[in-house]
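Here is the structure we will look at.
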Amino acid sequence: MSDPFVLTLSCADRPGITARVTSFLFERGGNILEAQQFNDRMSDAFFMRVEFDPGAISRDTFRGEFAPLASELAMEWKLSLRDRPRRVLIMVSKFDHCLADLLYRWRIGELPMEPVAIVSNHPREAIEHTDLGELPFHHLPITRDTKPAQEAHVRAIAEQSGAELVVLARYMQILSDEQAAHFAGRCINIHHSFLPGFKGAKPYHQAYERGVKMIGASAHYVTGDLDEGPIIHQDAESIGHADTPDALVRKGRDIESRVLAEAVRLHLEERVLLNGQRTVVFRG
């Protein structure tokens with residue numbers, strides 16, 4: 001078996017797209033391993049993700065032969081090696097539970113990624129409980145006056161390291177519109193989400209004061225609209241009247257970690273396709 005490919009595509013919906021794509025693969029000796037599709041009737045858009053064994057055909061040959069079909073159907077499409085680890089830049093502030101969780105999942109082989117750098121607006125000592133190993137660590141403090149230069153430095157690190165994804169693992173700084181646009185579609189943030197929503201400092205303590213019965217977290221792509229980017233994954237957990245603010249913080253750490261890790265996995269496995277302000281997520 002050859003190294004599997006992943007083909008993702010989107011286009012205007014019309015009859016026969018699935019047949020055209022699967023026939024194309026069959027005629028070239030490809031063997032489909034997993035296929036999912038979605039027809040969005042609200043926008044008349046079609047989305048598809050196919051994992052397949054390409055047989056003897058190379059990536060370049062596939063791209064060249066698939067391009068005319070993609071052009072005919074006005075597709076946005078991408079062809080990737082399924083098992084190639086993606087290069088990831090992780091940003092963090094003082095709360096390192098999401099960072100530690102991501103690194104643990106990477107080390108046991110659960111996440112198909114290659115961490116290339118850790119960037120923080122705080123010194124290394126602020127996350128001393130997390131084992132970074134030999135990963136490059138960049139302390140880039142930020143103030144209102146130095147923000148443009150700091151963000152330019154982050155972009156330079158991402159470019160030099162070949163980062164394909166930026167993960168804000170509780171990085172407690174708002175990205176500028178320029179930075180959000182630069183990393184559009186390849187920057188994931190984790191956000192505590194409640195009903196009602198609590199902004200500012202100590203959200204879990206605010207939730208406690210309001211007597212909420214459920215806490216949650218949302219992982220989303222970063223856009224210029226604060227915490228309003230396309231959502232990749234969410235989860236929630238019930239709480240009771242006896243839960244203290246510290247208990248909410250503890251439960252919040254757990255849910256933030258697992259929601260972010262799942263969103264990162266889905267992105268790394270090419271399972272997330274943007275659909276305007278929403279996402280199509282092919283779970284597997």
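Along its three principal axes, how long is region 125-284 when you only count alpha carbons? Whole Å, largest extent first please.
Taking the Cα atoms of region 125-284, the three principal extents are 50, 39, 32 Å.
Quick check on the chain: take the gyration tensor over C-alpha atoms, sort the square-rooted eigenvalues as a ≥ b ≥ c, and tell me if it's rounded (a/c under 1.5), prolate or oblate. Working shown, then result.
Numbers: a/c = 2.03, a/b = 1.61, b/c = 1.26.
Here the chain falls in the prolate category.
Under 20 Å between alpha carbons, and skipping anything fewer than 8 positions from Lys251 in its own chain: which aspartates and glutamates qualify?
Partners within reach: Asp96, Asp101, Glu209, Asp235, Glu237, Asp243, Glu262.
Considering the options Leu140, Tyr171, Gly185, tell which one lies farthest towards the positive end of the dipole of region 131-207, charges being +1 on Lys and Arg and -1 on Asp and Glu at the Cβ, about the Cα centre.
Toward the positive end, the furthest listed residue is Tyr171.
Quick one: which residues, 5 or more positions from Gly224 or on another chain, have an amide H under 5 Å from its amide H? H modelled 1.01 Å from N in the peptide plane, none for Pro or chain starts.
Amide H neighbours of Gly224, under 5 Å, 5+ apart: none.
For Thr61, what accessible surface area do you get with a 1.4 Å probe? Give it in Å², rounded to 10.
Per-residue accessible area (Thr61): approximately 60 Å².
Using amide H atoms built 1.01 Å from N in the peptide plane, name the residues 5+ places from His233, or on other chains, whose amide H lies under 5 Å from its own.
Correct list: Ala219.
What do you get for Rg/Rh of region 93-197 when both radii come from the Cα atoms and Rh is the Kirkwood radius?
0.95
Where in the chain are the DSSP H helices whose C-alpha atoms run 24 Å or more along the long axis and whose mean Kyte hydropathy is at least -1.0? Don't jump to the answer; show the numbers that get you there.
Working: long enough: 245-268 (34 Å, -0.18).
Flagged H segments are 245-268.
Ordered by packing density, taken as the mean number of other Cβ atoms within 10 Å over each peptide's residues, highest first, how do 209-220, 36-47 rank? Please list the in-between numbers first.
On the way: 209-220: 17.6, 36-47: 14.5.
Top of the packing list down: 209-220, 36-47.
Take the chain, connect every pair of alpha-carbon atoms lying under 10 Å apart with a spring to form a Gaussian network, then pick out the residue of Asp13, Asp145, Asp254 with the largest mean-square fluctuation.
Among Asp13, Asp145, Asp254, the largest GNM mean-square fluctuation belongs to Asp145.
What is the gain in length, in nm to one decimal, between Arg20 and Ile57 on full extension, counting 0.36 nm per residue of separation less the C-alpha to C-alpha distance? All intermediate terms of the calculation are to be shown ahead of the outcome.
Details: separation 37, 0.36 × 37 = 13.32 nm, distance 1.79 nm.
Result: 11.5 nm gained on full extension.
Kirkwood Rh, region 1-66, all Cα pairs: how many Å?
Values: mean 1/r = 0.0803 Å⁻¹.
So the Kirkwood estimate lands at 12.4 Å.
Against the empirical 2.2 N^0.38 Å scaling, what ratio does the C-alpha Rg of region 153-205 come to?
Values: Rg = 13.7 Å, N = 53, 2.2 N^0.38 = 9.9 Å.
Scaled against compact globular proteins, the figure is 1.37.
Under 1.5 on a/c is rounded, so check that first for region 114-159, then, if it is not, pick prolate when a/b is larger than b/c and oblate when it is not; a ≥ b ≥ c are the square roots of the alpha carbon gyration tensor eigenvalues. Write down the numbers at each step before the final one.
Details: a/c = 4.08, a/b = 1.42, b/c = 2.88.
Oblate shape, in that a/c is at least 1.5 and b/c is the bigger or equal ratio.
Just to be sure I understand: with springs between alpha-carbon atoms less than 10 Å apart, which residue in Arg28, Arg258, Arg49 has the highest mean-square fluctuation in the Gaussian network model of the chain?
Arg28
The values are calculated or read from the model by the stated rules, or taken from the named source; none is laboratory data. This one's a predicted model, so the numbers in the text were calculated from it and none came from an experiment. Using ideal geometry, Cβ is built from the backbone for each residue, glycine included, and neighbour counts are taken over all protein chains shown. Quick note on the areas: whole protein, heavy atoms, side chains included, nothing else; ligands and nucleic acids left out. Shrake-Rupley method; radii C 1.70, N 1.55, O 1.52, S 1.80 Å.
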